[in-house]
Amino acid sequence: MTMARTIKLYSVPSEPKIQGIREMVKSDAKQVQALLAEYLKQHKVFIEFDVEEVEHWFTPRKDVIYSYVVEKDGKVTDFCSFYNLPSTVIGHPQYNHLKAAYCFYNVANTVPLKDLMNDALIFANREKFDVFNALDIMQNATFLKELKFGIGDGNLHYYFYNFQMPTIKPNEIGIVLL
């Protein structure tokens, strides 16, 4: 496949699709915490974030964390986030770093998760990320293929020190480890 065809195949729109999507602000933390709590309790293993933790982990900070909410009639209904984990490129004459976005936590209540994540890709592209990575945990598998994510070459195993747990399917995991 030519480079021009590859660029066309993987390009994303310049504008988000979802009405009312915007960058999260600190005052959204209470509503985002409620969304996360309700969503994450559907999983067998999850973190219970309090409002202060939501403020800390999800309030946007350039080159660290990017979070967006969908607001309808003054109420936050949906939420998506990703974080920056850059890598050093060794031995390339032109590029010395790779800006990688990693899917963090997402809650889609009133819009399809695929549309929410497509808008996250648009926001990542605007921030000049080179790549967007996502694990197949939670409900992420529902959008990976349709949004043209490639399957990675490794397996992720969560190790919970001193916990005895049965094998848990990826869609039953509600924790993103950093």
If amide H atoms are modeled at 1.01 Å from N in the peptide plane, then the residues at a separation of 5 or more from residue 133, or on another chain, having amide H under 5 Å from its own are 101, 102, 103
Summing -39500 (n - 2.57) over every DSSP H run of at least 4 residues in the chain and dividing by its residue count gives a helix-only mean residue ellipticity at 222 nm, to the nearest 500 deg cm²/dmol, of -7500 deg cm²/dmol
Options [x] 235; [y] 145; [z] 113 are given for volume of the Cα convex hull per residue in Å³, and the computed one is [y]
Percent relative contact order for the chain, counting Cα pairs under 8 Å at least six residues apart, stands at 23 percent
Sorted by chain and number, the residues with a modelled amide H under 5 Å from that of residue 21, at a separation of 5 or more or across chains, are 71
Scoring the stretch 15-88 by relative contact order with C-alpha pairs under 8 Å, at least six apart, yields a percentage of 34 percent
Restricted to the stretch 17-174, the DSSP antiparallel beta bridge percent, nearest 5, is 80 percent
Any lysines whose Cα falls less than 20 Å from that of residue 26, other than same-chain ones fewer than 8 residues away, would be 62, 72, 75
Of all trypsin sites (Lys or Arg not before Pro) in the stretch 73-177, the ones in DSSP coil with at most 15 other Cβ atoms within 10 Å are 99, 128, 145, 148
The longest stretch of the chain containing none of the chymotrypsin sites (Phe, Trp or Tyr not before Pro) that sit in a DSSP loop with at most 10 other Cβ atoms within 10 Å is 1-94
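Each value in this text was obtained by applying a stated rule to the coordinates, not by laboratory testing. Source: prediction; values computed, not measured. Glycine gets a Cβ as well: all are built from the backbone with ideal geometry, and neighbour counts include every protein chain shown.
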